[in-house]
1. Whether any residue in region 93-105 is touching a Ser or Thr at 6+ places or on another chain (Cβ under 6 Å), hydrophobic (A, V, I, L, M, F, W, C) and under 30 Å from Glu217 (Cα atoms) is what I want to check.
2. Taking Ser119, is it open to solvent by less than 40 Å² (accessible area, probe 1.4 Å), at pLDDT below 95, of a type outside the set (A, V, I, L, M) and under 29 Å from Asp20 (Cα atoms)?
3. Scan region 183-201 for residues that are open to solvent by less than 50 Å² (accessible area, probe 1.4 Å) and in contact (Cβ under 8 Å) with a residue 60 or more places away in the chain and report the count.
4. For Val125, indicate whether it is of a type in the set (A, V, I, L, M), open to solvent by less than 10 Å² (accessible area, probe 1.4 Å) and at pLDDT 95 or above.
5. Could you run through region 91-116 and say how many residues are touching a residue at least 12 places away in the same chain (Cβ under 8 Å), among the aliphatic types (A, V, I, L, M) and surrounded by fewer than 21 Cβ atoms within 10 Å (Cβ to Cβ)?
6. How many residues are closer than 24 Å to Trp191 by Cβ and open to solvent by less than 10 Å² (accessible area, probe 1.4 Å) when one looks only at region 136-152?
7. Any residue in region 38-52 that is surrounded by fewer than 19 Cβ atoms within 10 Å (Cβ to Cβ) and part of a helix (DSSP H, G or I)?
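The values are calculated or read from the model by the stated rules, or taken from the named source; none is laboratory data. This one's a predicted model, so the numbers in the text were calculated from it and none came from an experiment. Methodologically, a virtual Cβ is constructed for each residue, glycine included, from the backbone with ideal geometry; neighbour enumeration extends over all protein chains shown. Just the protein is used for accessible areas: all its heavy atoms, side chains included, with ligands, DNA and RNA removed. Shrake-Rupley method; radii C 1.70, N 1.55, O 1.52, S 1.80 Å.
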Amino acid sequence: MISADTTAELLTIPPLENGDKLSRHEFERRYHAMPNLKKAELIEGVVYVASPLRIKSHGEPHAYIMAWLGVYIAATLGVGLADNTTVLLDADNEVQPDAILRIEQAGQSRISENDYVESAPELIVEIAASSASYDLHEKLKVYRRNQVQEYLVWRVYDRQFDWFRLQEGEYIQLEANTDDIVCSQVFPGLWLAKSALLSRDLAKVLAILQQGLSTPEHQEFVQLSSSSNPNPFY
């Protein structure tokens, strides 16, 4: 049972509002006082509160991404997958990406005592409405500065999928090969059939992924990522 003193304290804490400029400490204090709020993020010290999510523009694309990544981690020891998990990047940025992949041993990120991800995971995926979304502007800059190695953005209304790879402090866009497949440079075997994903042909997406999982590069990566050796792919 919540005590009267705790209830009174919660009632005096201001709610999070879009555009609030807060420290990460104050952001977390207000967020914890709003247990019914599903998603809020702090980007460069500015609060972003998520709107209700529609099924075709977010729910289904999100589910497809999780199915794709779920099959990958089922075959890849030493790699962790998370859905809508808070990531503490730096003093001004606390994000909640749609999906992350992280190398669990000797990777960039770690799990805090409070069960949050601290520092940048190797790969982040966001479902965005269009190129106007903050996922391709403010967030992209934050992820780049914090050295997220690969950043994927599915622009649903634009019917496009951007896959960025960090090289020498800048994001370059990975292009599909002649078979219209984009291949991760950080997670060997993580292959994406771009057109199949955009047309929501999940069966083909998973079939192409299985081809990536059968490569020698993927088997070598599994051995390295499940050991204490640093990842040699970035």
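1. Within region 93-105, one or more residues are touching a Ser or Thr at 6+ places or on another chain (Cβ under 6 Å), hydrophobic (A, V, I, L, M, F, W, C) and under 30 Å from Glu217 (Cα atoms).
2. Answer is no for this residue.
3. 7
4. Yes.
5. 2
6. 5
7. No.
Here is a yes/no grid of residues against (1) touching a residue at least 60 places away in the same chain (Cβ under 8 Å); (2) closer than 20 Å to Ser130 by Cα; (3) open to solvent by less than 60 Å² (accessible area, probe 1.4 Å); (4) not in a strand (DSSP E or B):
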| position | (1), (2), (3), (4) |
| --- | --- |
| His25 | no, no, no, yes |
| Asn36 | no, no, no, yes |
| Pro61 | yes, yes, yes, yes |
| Val71 | yes, no, yes, yes |
| Gly80 | no, no, yes, no |
